[in-house]
Amino acid sequence: MKVFKFYPDNRAKFHFGDSSGKLKDIISSDQLFSALYNCAVLLYDPKEVEKILAETSHKILFSSLYYGIRFFNCDNGQSQEIFFLPRPLAPIQPKDKPTNLLNHKIVKKIKYVSLGAFRLLQGAWQDEEKYFNFDLLDLKILGGNFACTAEEVEGLELDNDSFEKIKLFAVNSTPRVVISRLNDEAENFYYQEEIEVTYQRIGSYLISPFMYFICQGDLDRRLTAIVRLVADEGLGGKRSQGFGFLGRVVEEEWPDDLFLTKGQYYVSLSSVFPNLDEVNNLLYYELVERSGYIYSQYGRSLRKKQVRMLKEGSVFSGKISGQIVDISPEAFNEHKIYLNGKAFLIPVGEV
């Protein structure tokens, strides 16, 4: 299992948008795949890229781009990293334990759980009731939206108040104005939202976010070159304004035990476009829309076909594969435009 990690600089800015123009927390796997495809076209001939895609589409799976937190001890130079995955969309609550309003609000804010917490959730799935018998309040909550096990932060000399004060990103709104190309007059006034990376010093630790995605399957050197080009080209919108640069790239190998064990149910770590015969396996899910204009170096910017996908964290009652969909506009013939709806799954429950 290959993992690509990115370490953006302090104050680096990103604009991850959705079809409605609102900011997103992450880059979904289909959007990440599009960025990889566009950079592949820059490096290689478009026909060769389609050949590479045909050879590897059934062999390689991509997760969405997720966050991690790095704790760097400025006194001894040691560092510790925690990786986070999306919170499953299935209910997570302890059995026969009443919840008050305050605790409910705290739990509701948690969007991401650590790898260690996900291992606990894997064994907490209740087959008959279809929920996770687990108390998220037993975890350490970092900055309100992230939760990890006490063991994952055991060596850190930080208290609960310090964990609550962690802030990895700031959302800024910058006033902008549209200037007419015909007469240089100001036309529309609007606000542009952006995500800004913030490094934070708490005690002897410098706390900073990083981003990563997981690749499952047979990889070659060409993919590594494409990923490094993506880091230089940038991800998301507003790249002409200096947004989206991912910084240093680090490759890492993970054991397969977390992802390749057998389970009765599965949670998606990617956005998914299921095959027709896989729809009956949907258990808990949210729909997200994909629309807008294509980005290509080899033609006009035309509107691509609109589709709906399943959001990360969706739960399935069986293993599905998903599919890669051709969403090329009819008038665009330079190369194909693909949407990657392949399912990157993690099992839960016991066989």
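The values are calculated or read from the model by the stated rules, or taken from the named source; none is laboratory data. Everything numeric in this text was worked out from a predicted model, so none of it was measured. Every residue, glycine as well, gets a Cβ built from its backbone with ideal geometry; the counts of neighbours run over all protein chains shown.
For the reader, a short list of remarks on this structure follows.
- Taken over the range 229-253, the residue count meeting the criterion of being assigned to a helix (DSSP H, G or I), out of contact with any Cys (no Cβ under 7 Å at 6 or more places or on another chain) and not aliphatic (A, V, I, L, M) is 4.
- Flag for Glu312 being among the acidic types (Asp, Glu), crowded, with 17+ Cβ neighbours inside 10 Å and touching a residue at least 60 places away in the same chain (Cβ under 8 Å): yes
- Qualifying residues in the range 327-343 (those that are in contact with an Asp or Glu (Cβ under 8 Å, 6 or more places away or on another chain) and in a strand (DSSP E or B)) - the one farthest from Gln126 (Cα to Cα): Tyr338
- Out of Ile320, Ile324, one residue alone is out of contact with any Cys (no Cβ under 9 Å at 6 or more places or on another chain) and either assigned to a loop (DSSP other than H, G, I, E, B) or farther than 27 Å from Tyr112 by Cα (or both). It is Ile320.
- Of the candidates Phe146, Phe163, the single residue that is without any contact (Cβ under 8 Å) to a residue 60 or more places away in the chain and of a type in the set (Phe, Trp, Tyr) is Phe163.
- Residue match in the range 209-228 (condition: surrounded by 20 or more Cβ atoms within 10 Å (Cβ to Cβ), in a helix (DSSP H, G or I) and touching a strand residue (DSSP E or B) at 6+ places or on another chain (Cβ under 6 Å)): yes
- Condition check for Val113: in a strand (DSSP E or B), in contact with a helix residue (DSSP H, G or I) (Cβ under 8 Å, 6 or more places away or on another chain) and crowded, with 21+ Cβ neighbours inside 10 Å: yes
- Test: residue in the range 54-74 that is modelled with pLDDT of 85 or more, among the polar types (S, T, N, Q) and assigned to a strand (DSSP E or B): yes
- Taking the range 314-351 as the range and being farther than 27 Å from Leu42 by Cα, in contact with a helix residue (DSSP H, G or I) (Cβ under 9 Å, 6 or more places away or on another chain) and β-branched (Val, Ile, Thr) as the test, the residues that pass are Ile320, Ile346, Val348.
Matching residues to (1) under 14 Å from the mean Cα position of the chain (by Cα); (2) not charged (D, E, K, R):
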| residue | (1), (2) |
| --- | --- |
| Phe14 | yes, yes |
| Lys22 | no, no |
| Ile26 | yes, yes |
| Ala35 | yes, yes |
| Leu65 | yes, yes |
| Gln80 | no, yes |
| Phe83 | yes, yes |
| Gln93 | no, yes |
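- Number of positions in the range 329-348 that are surrounded by 20 or more Cβ atoms within 10 Å (Cβ to Cβ) and among the charged types (D, E, K, R): 1
- Selection from the range 154-175 of residues that are in a loop (DSSP other than H, G, I, E, B) and among the β-branched types (Val, Ile, Thr): Ile166
- None of Tyr191, Tyr199, Tyr205 is touching a Phe, Trp or Tyr at 6+ places or on another chain (Cβ under 6 Å) and over 17 Å from Tyr66 (Cβ atoms) except Tyr205.
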